[in-house]
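The values are calculated or read from the model by the stated rules, or taken from the named source; none is laboratory data. This is a predicted model, so every value here is computed, not measured. Positions of Cβ are backbone-derived with ideal geometry, glycine not excepted, and every protein chain shown enters the neighbour counts. These accessible areas exclude ligands, DNA and RNA; they are computed on the full protein's heavy atoms, side chains included. Shrake-Rupley method; radii C 1.70, N 1.55, O 1.52, S 1.80 Å.
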Amino acid sequence: QVYLALGLNQSEIDAYFTGPAFLAWNRMGNLRGWAGPLPRAWHLKQLYVQYRVLERMRSLGMVAVLPAFAGHVPQGVLRVFPRVNATRLGAWSHFDCTYSCTYLLDPEEPMFQVIGTLFLKELIKEFGTDHIYSADTFNEMRPLSSEPAYLARVSSAVFSSMTAADPEAVWLMQGWLFQHQPDFWQPAQVRALLRAVPLGRMIVLDLFAESKPVYPWTESFYGQPFIWCMLHNFGGNHGLFGAVEALNRGPFAARRFPNSTMVGTGLAPEGIEQNDMVYELMNELGWRHEPLDLARWVTRYAERRYGAASAAAARAWRLLLRSVYNCTGACVNHNRSPLVRRPSLRMDTALWYNRSDVYEAWRLLLSAAGELGASSTFRYDVADVTRQAAQQLVGDYYVMIREAFERRALPELLAAGGVLLYDLLPELDGLLGSQSLFLLGRWLESARAAATSDAEAEQYERNARNQLTLWGPSGNILDYANKQLGGLVLDYYGVRWSLFVSALVESLNSGTPFHQEQFNQAVFQVERGFIYNGKRYPSVPAGDTLEIARKIFLKYYP
C-alpha cells in the first residue's frame, strides 16, 4: 500500500517480493523476486491471518512484535525518485544479482524517514501496537562501510523512523550478524550500531547463544537488553540433535555475567517439528533458578510424553541424552548425512556421538512397544529413532560403496549399492509414510491449501518443493532445508543415489574416471525434475509404524 501510494507500479512491486517460501530472506534484504510474484490473494489472506494471530496473542497476554522498515527498497523507488540516495548491496550467499543485490537507502536520505514512518503508521492504524518492532538491516549483508559513524547513522535512521510513528517504540534486533561475520563486526562496529539507540530502547536476540554467544565479547551488548536464545535447528532439517549441557548451563551463566543485561530466554529455530525434547527442555529452563539434573529430568520426560513409566524407554532416553543430544563445542546443526546430500566421493560421515548409543536406544524403545504402543507420541518417537538409525546405516553403506569403488571391486560395489537402493531406502520411505508428520504430501498439500486458484496452487507447491531441495534456481543453497519425508526419500534422495551408484559402476566397467562435475550436471536435471514432476503424494499415513520399524530392526540392527 505504501509503495503504491508513493507512485510505484504493480510490476515494480512484483519484481521485488519473493515467493512465500522465501519471504523471510526478502525482509532482511537478502533476496528479491525469486519464486514470486506474490498474488493479490496472498496479501489479502496474510492480512486476515495477521488479524487472527494478533487477536489470539493479545488475548493470551502476549506482546506482539510488528515488522518495521529496515531501509531496503524496490528498484522502482529510483524511478519515482530519481535523485534518491540509495546503494546496491552485494550478492547474498550463492545467489547473483538476478535475485539478490537489493537497494539500501542512505541513512541520511530523507526518503528513509518518509517510507519508514509511513509504513509503521499504516501498520499501527491496521493492527494497533504493543510498541515493539523488528528490523534487520545487515543480516548476512556486509555494510557499505565499517566506519562506526556510518553504522551509528544507519541505526539511528531505523530507530527514528520508528519513533516518528510511535514515540514509545522499542527496536527488537537479531544478533545473528555479529557472530556470522565476526571479521567485520569488531567491538567498535557492534558498539556503534547498538549505542546509537538510547539504552533500553533496543532488545537484542542473542540468537545462537547455546553455541556462539555474543554477549560475552560485547560487554553484554554494551548495555542494551538481550534475550538468551537457543537456535538449535537450521533449515527445518530432520535428524536427532541437541546441545543439552550448553542449554542447561548457558542461561544461568548469562544471568551471572558481570553487569548482565539479559532479560529473558528465547527459542529461535529455523524450523520446528523435530527433536521435541530439546524444545521442552529449553522452555522449562526459563522457569528454573539453576541447572537441572538432566538424567533425572529426561526420565520424567519419557514418562510424561508416553503417559506411563517404562524402564526400557527411560534407559533409551538417557542413552540419547548422553549421545546424540549432547553435542559440545561450537555445534552447528545442519544435517550432513550422506542420505540428504548430493552424492560425491568426498562426503563427511563423522558424527559427534557414539552411534552404538542410538542403536541401543532403538532396541530399548522397540522392546517397550508392548507397554507403550498405544501412545501416539511413542509411535512417533519409534519412527524418529528408527529414521536416525537408518540415516547412520546409509552412511555405512556409502563408505562401503566408496571403498569398493576405490578398490575397483565391482561385485562389492553392486552388493552394497543394491542393498542401499533396493531395500534400505524403500524401507525408510515406507516407515516415514506411516507417520503424518513425516509425509511429503502433508507438506505440499498445506502449501496448496493457501491458494485461491489452480495457478496459485502450482506456484505455492513449486515454492514448497524448491525450498526442500534446490533452494534457489540452480541449487544455490542446495539441500539447506533437507527433510526426511515419505515420498522425498525415494523420489529425490533415492533417485540421486541410484544415479551415483550407476555412474560408479559405469566408471569401473568402462575404465574411465568418475568426474564429479559431469555427475553434478546430470544429477541437477534429476533434482530440478523433482520440482516439476507434478506427482501428488499421500497426505494420509499408511502402514503400522511399529511393524515397519521392527522389520527394519530385524534386518539391520548391527
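Cysteines of the chain lacking any other cysteine Cβ under 4.7 Å from their own Cβ: Cys229. All C-alpha to C-alpha distances of region 18-66, sorted into 5 Å bins beginning at zero, yield P(r) values of 5, 19, 19, 19, 18, 13, 6, 1 percent in whole numbers. Just the Cα atoms of region 380-441, one point each, no solvent: what log10 I(q)/I(0) does Debye give at q = 0.24 Å⁻¹? Ignoring solvent entirely, the Cα scatterers give -0.91. Computed across region 61-130, the Kirkwood radius stands at 13.9 Å (inverse of mean 1/r, all Cα pairs). The alpha carbon convex hull volume per residue for region 317-379 rounds to 124 Å³.
The mean accessible area for residues of the chain, using a 1.4 Å probe and ignoring ligands and nucleic acids, is 43 Å² per residue. Ranked by the mean number of other Cβ atoms within 10 Å per residue, highest first, peptides 188-195, 227-234, 40-47 order as 227-234, 188-195, 40-47. Leaving out ligands, DNA and RNA, and with a 1.4 Å probe, what % of the accessible surface on region 334-556 is carbon or sulfur? About 53 percent, which is the carbon plus sulfur part of the accessible surface. Within the straight-line cut-off of under 25 Å between alpha carbons, the lysines reachable from Lys551 are Lys483, sequence neighbours fewer than 8 places apart in one chain being disregarded.
For the chain, with equal point scatterers placed on the C-alpha atoms only and solvent neglected, what are the log10 I(q)/I(0) values from the Debye formula at q = 0.07, 0.12 1/Å, to two decimals? Relative scattering, expressed as log10 I(q)/I(0), comes to -0.47, -1.31. Our coupling estimate for region 65-77, obtained by passing each phi through the Karplus curve with A = 6.51, B = -1.76, C = 1.60 and θ = phi - 60°, is 9, 9, x, 10, 8, 9, x, 7, 9, x, 4, x, 4 Hz, Gly and Pro reported as x. Kirkwood hydrodynamic radius computed over region 429-539 comes to 15.1 Å, based on all pairs of distinct alpha carbons.
The Rg/Rh ratio for region 1-147, using Cα coordinates for both the radius of gyration and the Kirkwood hydrodynamic radius, is 0.96. P(r) for region 151-195, from all Cα pairs and a bin width of 5 Å, is 5, 20, 26, 23, 13, 8, 4, 0 %, short bins first.
Whole-Hz Karplus values for region 308-324 come out as 7, 7, 8, 4, 5, 5, 4, 5, 4, 5, 5, 5, 5, 4, 7, 10, 5 Hz, taken residue by residue from phi with 6.51 cos²θ - 1.76 cosθ + 1.60 and θ = phi - 60°; glycine and proline positions read x.
Dimensions of region 222-293 along the principal axes, based on C-alpha atoms and rounded to the nearest Å, stand at 38, 29, 16, largest first.
For the chain, the longest principal axis of the Cα atoms and the long axis of helix 355-367 meet at an angle of about 70 degrees. Going Cα to Cα from Lys125, which aspartates and glutamates come in below 20 Å? Please leave out same-chain ones fewer than 8 positions away. Straight-line reach from Lys125, under 20 Å: Glu55, Asp166, Glu168. In the calculated pair distance distribution of region 334-556, what percentage of Cα-Cα distances lie above 22 Å? Percent of Cα pairs beyond 22 Å in region 334-556: 55. Tell me the angle of helix 516-531 to the major Cα principal axis of the chain, expressed in degrees between 0 and 90 and rounded to the nearest ten. On a 0 to 90 degree scale, this one is about 80. For Lys121, the lysines whose Cα comes closer than 28 Å to its Cα, not counting residues fewer than 8 places off in the same chain, are Lys45. Taking the 1.4 Å solvent-accessible surface of region 234-289 as the whole, the part contributed by carbon and sulfur is 48%.
With axes computed from alpha carbons, what is the tilt in degrees of helix 410-419 against the longest principal axis of the chain, rounded to the nearest 10 within 0 to 90? Orientation of helix 410-419: about 70 degrees from the principal axis.
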